[in-house]
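Just below is one structure, and these are the notes that go with it.
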Amino acid sequence: MLHETDDLFSSAWPDGPAAPKLVGAAPARALAYPELRYMGSKRRLLPWIHAVLDELDFESALDPFCGTGCVAYLMKAMGRRVTASDFLLFPSIIAAATVGNSSAMLDSGTLGRLLSHAPDDDFIARTFDGVFFTAADRAFLDRVSAGLRALDDPDRRAVGYAALFRSCLKRQPRGVFTVSGDLARYDDGRRDLRLSLEEHFHEQVEAFNAVVFSNGRDCGAMRADALAIDPSDYDLVYLDPPYVPRSDDNCYVKRYHFLEGLASYWKDVELMPQTKVKKIAKRYTPFSYRRTALAAFEALFERFARSTIVLSYSSNGYPDLATLEGLLSRYKSRVTVHERPHRYHFGTHGSVKRASVTEYLIVGR
Ligand SMILES: C[S@@+](CC[C@H](N)C(=O)[O-])C[C@H]1O[C@@H](n2cnc3c(N)ncnc32)[C@H](O)[C@@H]1O
């Protein structure tokens, strides 16, 4: 097994005062991908991930835990045939907008029709009164999501939803839907909290229109459990599952239930009306629990054993690095570990907390 502390960059933290010293620069297009506040997003690590991927021989790739879609989009920008997938609906819609979509944009005519669409329900206004956003924001969401559901073109619809999800994340204090109540309590003057959802939406439509492109390959997006995907079609699989945290929990539905509900207008989810923030039932994933995580990694490695495996991992996850390396070596003859210091940010301006961890990319060939 080979450990490489990457010297492609300066030793400073990626978000620290010294700018990273790049050797092989990532495609500018990928670095312009809209940053979504999403737990475990690798958006800031893209230059490093690019440098590692760039050394590998592959034409087709799968990102089955795609989250914000930024790594799948990076591989699309590298000219590969990419499929992005997630077991939640809203990340797979974002990936449909940015990875699967090669040409559809929300033009001003379609946008105008969306914004003037009559609401067909007031579910959001009723259900989330006093929980999230202002009355005007909630009415806007009922209206614009009715317009999106009525759009025929799935790619254009996906662009609209991606813009709406990012608008909601920006407007919501701390970018998570565990926080409810009066927005004024969190107002620290930040522009993202001051703009209405409708104002955000206009900006985000532009942001997501700007990332639409074709790389000439047949890229796609889907919604699936990673452990149920047919593995036969991919030279390389980039794996970024949630990891069992040492403390707290890693539940994506708890933090982003509003976006997951919005993605189907709460049709395909179980709302829990008695909860303070009107959560939906969480989805089980074996990667979140100590007693099932190791077997889940084993099932993942076995499933994708015929592809090059690139696993994102972190020093604060369970199981530890050595255990995962050992496990991957049972399926792959050559295992290399790349390491990188990284800081995650939590909270708002006034109370930013940082967690310093080592990020790993474990490559099995
Ligand atoms: C660490 S995040 C991925 C972050 C992503 N690489 C990015 O940069 O934005 C993990 C993702 O795995 C998804 N997930 C969890 N369990 C899953 C499963 N069994 N199958 C597919 N996706 C799953 C979660 O919904 C979440 O979006």
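The values are calculated or read from the model by the stated rules, or taken from the named source; none is laboratory data. Keep in mind that what you see is a predicted model, and the values were worked out from it rather than measured. Backbone-built Cβ (ideal geometry, glycine too); neighbour counts: all protein chains shown. Accessible surface is based on the protein model in full, side chains and every heavy atom, while ligands, DNA and RNA are left aside. Shrake-Rupley method; radii C 1.70, N 1.55, O 1.52, S 1.80 Å.
Worth a mention:
- One residue stands out among those in segment 48-74 that are part of a helix (DSSP H, G or I) and in contact with a Gly (Cβ under 9 Å, 6 or more places away or on another chain): the one that is farthest from the ligand (Cβ to nearest atom), which is Ala51.
- Considering residues of segment 247-295 that are within 19 Å of Arg174 (Cβ to Cβ) and polar (S, T, N, Q) only, the residue surrounded by the fewest Cβ atoms within 10 Å (Cβ to Cβ): Ser247
- Within segment 203-217, considering residues that are among the charged types (D, E, K, R) and under 15 Å from Ser167 (Cβ atoms), the one least open to solvent (accessible area, probe 1.4 Å): Glu203
- With respect to being of a type in the set (Gly, Ala, Ser), open to solvent by 30 Å² or more (accessible area, probe 1.4 Å) and either over 13 Å from Pro241 (Cα atoms) or within 23 Å of the chain's Cα centre (by Cα) (or both), Gly317 falls outside the description.
- Lone qualifier among Asp235, Asp225 - being in contact with a Phe, Trp or Tyr (Cβ under 9 Å, 6 or more places away or on another chain), surrounded by fewer than 16 Cβ atoms within 10 Å (Cβ to Cβ) and of a type in the set (Asp, Glu): Asp225
- Residues of segment 39-81 classified as under 13 Å from Asp240 (Cα atoms) and of a type in the set (Ser, Thr, Tyr), total: 2
- Among residues of segment 109-136 that are among the hydroxyl-bearing types (Ser, Thr, Tyr), those with a beta-carbon under 7 Å from a residue that is buried (at least 18 other Cβ atoms within 10 Å of the Cβ) at least six positions away or on a different chain give the pairs Thr110/Arg156; Thr127/Lys278.
- Subset of segment 230-246 (residues that are under 21 Å from Lys76 (Cβ atoms), assigned to a loop (DSSP other than H, G, I, E, B) and more than 8 Å from the ligand (Cβ to nearest atom)): Asp230, Tyr234, Asp235
- Enumeration of residues in segment 75-89 that are open to solvent by less than 10 Å² (accessible area, probe 1.4 Å) and either on the phi > 0 side of the Ramachandran plot or more than 9 Å from the ligand (Cβ to nearest atom) (or both): Met75, Lys76, Val82, Ala84
- For segment 263-296, the set of residues classified as of a type in the set (Ser, Thr, Tyr) and either assigned to a loop (DSSP other than H, G, I, E, B) or more than 16 Å from the ligand (Cβ to nearest atom) (or both) consists of Ser264, Tyr265, Thr275, Tyr284, Thr285, Tyr289, listed by residue number.
- If the condition is being surrounded by 22 or more Cβ atoms within 10 Å (Cβ to Cβ), of a type outside the set (Phe, Trp, Tyr) and more than 19 Å from Pro154 (Cα to Cα), then segment 90-134 contributes only Ile124.
- Segment 320-347 - residue that is surrounded by 15 or more Cβ atoms within 10 Å (Cβ to Cβ), touching an Asp or Glu at 6+ places or on another chain (Cβ under 8 Å) and more than 19 Å from Leu56 (Cα to Cα) and, of those, modelled with the lowest pLDDT: His342
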